[in-house]
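A.B. asks: I have a structure here, written as structure tokens, and I will follow up with some questions on it.
The values are calculated or read from the model by the stated rules, or taken from the named source; none is laboratory data. The structure presented is a predicted model; accordingly, all values stated were derived computationally and were not measured. Neighbour counts run over all protein chains shown; Cβ positions are idealised from the backbone, glycine included.
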Amino acid sequence: MLPWYASAMLILESSSVVGLRLTKLTRGGSEAGDEANLMVTEKITAAFEAVETLLTGGGLSIVIDRYRKHVTANATRLAG
């Protein structure tokens with residue numbers, strides 16, 4: 001896949017997840033707190049994963065593809 005296309009798709013897919021998360025967070029309650037904690041944990045884990053990929057010789061396209069998998073999993077979870 002073309003790197004610019006994968007990057008553009010990541011932006012679009014991420015914005016959808018942001019909307020789903022904001023909806024969940026604005027409802028409040030324990031589910032919102034759990035989502036906020038999960039969000040922070042996932043972002044830290046994904047950042048370490050990206051750094052590891054780059055330090056071991058992986059390219060940016062691998063990092064973008066992996067982020068897209070994370071975003072897709074979150075979209076599926078939050079929409080369900």
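A.B. asks: Which of the residues belonging to segment 33-52 are under 16 Å from N74 (Cα atoms), of a type outside the set (D, E, K, R) and surrounded by 14 or more Cβ atoms within 10 Å (Cβ to Cβ)?
C.D. replies: Hits for segment 33-52 are M39, A46.
A.B. asks: Kindly evaluate A8 against the criterion of being surrounded by 12 or more Cβ atoms within 10 Å (Cβ to Cβ) and small (G, A, S).
C.D. replies: When the stated conditions are applied, A8 does not pass them.
A.B. asks: Additional query: Mind listing just one residue for me: the one in segment 26-80 that is without any contact (Cβ under 8 Å) to a residue 12 or more places away in the chain and touching a Ser or Thr at 6+ places or on another chain (Cβ under 9 Å) and, of those, nearest to E13 (Cα to Cα)?
C.D. replies: I62
A.B. asks: State whether the residues of segment 50-62 include one that is modelled with pLDDT of 95 or more, in a helix (DSSP H, G or I) and within 11 Å of the chain's Cα centre (by Cα).
C.D. replies: For segment 50-62, residues modelled with pLDDT of 95 or more, in a helix (DSSP H, G or I) and within 11 Å of the chain's Cα centre (by Cα): absent.
A.B. asks: Does S30 qualify as being surrounded by 11 or more Cβ atoms within 10 Å (Cβ to Cβ) and in a helix (DSSP H, G or I)?
C.D. replies: Criteria not met by S30.
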